[in-house]
Amino acid sequence: MESTIHRYRGNQKSYPRRREIVSLSDLFWIILILIVLFGCSTTEEVARKQDSIESTKLVDLNIGTPSSEIAKKPHTFKYETVRSATSEQFMITKKENELRAPQRALKIDLSRKPVSKTLTIYFPLDSWELGPDQSRIIQRFISLNHPKEVDVTGYTCWFGSKKHNQWLALRRAREVASSLRKAGIKVRSVKGKGKCCYIDRKNPASNRRAEITVLL
């Protein structure tokens, strides 16, 4: 009876030890499982953040922000603003090998007309013939300017019909052009403009003329 009681008591003392061993083993496996789960979740979170950054770069580029440049010797970096959910960043989008010197623009004034010189020969009323005085004026003009080619235009005053004045203006231009050709000057054009282009509306004699124009 006493031995039976001792065995019973011995069995009572052994049970807690088994429980302690089992609980330590369980604790070990729980810790191991937590470590594995934590590592997987960390890797997944890092991958998720990386995917988020990449998608932000692809989606949020070109949001209308004007591009800028950073100049740093010896390279030029071009960047654009990238707007993410939390902040604004910039990414280098282009790099040039070297800084380019600014090109100097060449300005051309298209409105500027060529420099010219004009000699005016006057005629009597309803006349187209050159007198000695007009011929000397033409010769002096040639000797001073040495023109290679000229334009000649004849004009009239307002007396007479339009048809007659057009004919008279052209006759005056042809008479002057003939004198120039005899002197060896090339005449580029011969025109008549009757009853127009008056230089003096009070004195009709000032409009009875022919003009020799030389491009300098």
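What follows is calculated from the coordinates using simple rules that are stated; it is not laboratory data. All of these numbers come straight from a predicted model, not from anything done at the bench. When we count neighbours, we look across all protein chains shown, and the Cβ atoms used for this are built from the backbone with ideal geometry, even at glycine.
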Normalised contact order of region 116-215, rounded percent, pairs of Cα under 8 Å and 6 or more residues apart: 44
Principal axis dimensions, largest first and in whole angstrom, of region 111-216 by Cα: 39, 37, 22
Cβ-derived FRET efficiency at R0 25 Å, Ser127 paired with Ala183, nearest 0.05: 0.70
Inter-site label distance for Ile30 and Arg201 at 7 Å from Cα along Cβ, in nm: 11.5
